[in-house]
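Some notes on the structure that comes next.
The values are calculated or read from the model by the stated rules, or taken from the named source; none is laboratory data. Please read all numbers here as calculations on a predicted model, not as lab measurements. Glycine also receives a Cβ, built like all others from the backbone with ideal geometry; neighbour counts cover every protein chain displayed. Each accessible area value is taken on the protein alone, full model and side chains, heavy atoms only, with ligands, DNA and RNA left out. Shrake-Rupley method; radii C 1.70, N 1.55, O 1.52, S 1.80 Å.
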Amino acid sequence: MGLDYDFFYKWVRKNLNIDLNAYKDKQLQRRIGTIMKSSGANSLEEYSRLIEMDKEIRDIFLDYITINVTEFFRNREIFEEFESILVEDIIPKFRNINIWSAACSIGSEPYTIAMILDKNNLRGKGKILGTDIDDNVLKRAGRGIYSENEMKNLTEEEIRRFFAIEDGKYHVNNELKKMVNFKKHDLILDRYEKGFHAIICRNVTIYFKNETKDMIYKKMYESLVPGGIFFTGATESIYNPGEFGFKKISTFIYQRM
Ligand SMILES: C[S@@+](CC[C@H](N)C(=O)[O-])C[C@H]1O[C@@H](n2cnc3c(N)ncnc32)[C@H](O)[C@@H]1O
């Protein structure tokens, strides 16, 4: 049975305001096929009607296509490189800095950056913005409450210093929370803010087509101040950074020239 993705993508754009054309087709269509079947629908027309009528089915669909996997200090060694560039290059140059964690899922990434600033006595010097397309993860990010298995990369010292444990859950402390603001932002359809000294955008462009990635790199360049840095995921190297006005300064970190 062939599925009418053309119809479905148009329907999703019109009704849910998400541009699925920007994502890699094969991967995305496999995921849509799987989640559609689990709803009991036999065609994308039927599935779109279910999504429209049933909030639970709509939430499951959105959750499934957006892939929210994340961790604190995801690839810690790369965060160590980020920390040394931030402390040795960015802070001395700019003093007060704006940092954007784009596609931040449930907030582990922006809170990781807040921990790095705090550890370096830079709490008052950095403002962090965490954004994502998905309202549900943003709600969780704002609450800052995590389960034990979401804490796996953190040291005991970090947990003691930055979290309070209540009823078996880990609550981000208020000092850290005050450093981070969360806001909805779609990397494909929304306008990008400017004036950032560092942008962290990891483990999301892998889901996008090449032309979408290029558009994002161009916009990231414009959002950074000259000398600002762009931190990508471990599988998201930019092969031609010079074309976008970036210079590679570390394995996954690029600087606006
Ligand atoms: C795999 S998670 C990455 C989280 C975090 N950056 C990390 O590396 O741990 C991908 C996130 O991208 C978000 N996302 C997917 N499409 C997006 C878009 N068009 N604009 C903004 N965020 C998007 C998803 O909702 C999800 O939270």
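Answer with one residue from THR212, GLY227, ILE106: the one whose Cα lies farthest towards the positive end of the charge dipole of the chain, charges on Cβ with Lys, Arg +1 and Asp, Glu -1.
Positive-end residue among those listed: GLY227.
Based on the alpha-carbon gyration tensor of the chain and its eigenvalue square roots a ≥ b ≥ c, which shape applies: rounded if a/c is under 1.5, prolate if not and a/b is larger than b/c, or oblate?
oblate
Given the options PHE82, PHE246, PHE61, which has the most mean-square fluctuation in a GNM of the chain, springs set between C-alpha atoms less than 10 angstrom apart?
PHE61
Who wins for biggest fluctuation among LYS26, LYS184, LYS127 in a Gaussian network model of the chain, springs between alpha carbons below 10 Å?
Evaluated over the chain, the most mobile residue of the options is LYS26.
Along the range 13-19, what does the Karplus equation 6.51 cos²θ - 1.76 cosθ + 1.60 (θ = phi - 60°) give for ³J(HN,Hα), rounded to whole Hz, x for Gly and Pro?
Values per residue, Gly and Pro as x: 4, 6, 9, 10, 6, 10, 9 Hz.
Would you list, by chain and number, the lysines whose Cα falls below 20 Å from the Cα of LYS209, excluding same-chain residues fewer than 8 positions away?
The qualifying lysines are LYS10, LYS24, LYS26, LYS218, LYS219.
Tell me the mean residue ellipticity at 222 nm calculated for the chain from its helices only (DSSP H runs of n ≥ 4, each -39500 (n - 2.57), averaged over every residue, nearest 500).
Helices in the chain give a 222 nm mean residue ellipticity of -12500 deg cm²/dmol.
Count charges around TYR221 for me, please; just the other residues with Cβ under 13 Å from its Cβ, Lys/Arg as +1, Asp/Glu as -1.
Taking every other residue near TYR221 into account, the sum is +3.
Would you calculate the convex hull of the Cα atoms in the range 42-95 and tell me its volume per residue in Å³?
Normalising the Cα hull of the range 42-95 by residue number yields 154 Å³.
So with the 1.4 Å probe, I'd like the accessible area per residue for the range 1-155, rounded to whole Å².
For the range 1-155, the per-residue accessible area is 49 Å².
Using a Gaussian network model of the chain with C-alpha springs under 10 Å, which one of TYR170, TYR239, TYR23 is most mobile by mean-square fluctuation?
Answer for the Gaussian network model of the chain: TYR239.
Mind putting a number on the dipole of the range 34-94 about its Cα centre? Charges go on the C-beta only, +1 for Lys and Arg and -1 for Asp and Glu, and I need it in Debye to the nearest 20.
The calculation lands at about 260 debye.
Each residue of the range 234-244 in turn: what ³J(HN,Hα) in whole Hz from Karplus with 6.51, -1.76, 1.60 and θ = phi - 60°, glycine and Pro shown as x?
Karplus-based 3J(HN,Hα) across the range 234-244 equals 5, 10, 10, 3, 8, 6, 10, x, x, 4, 9 Hz.
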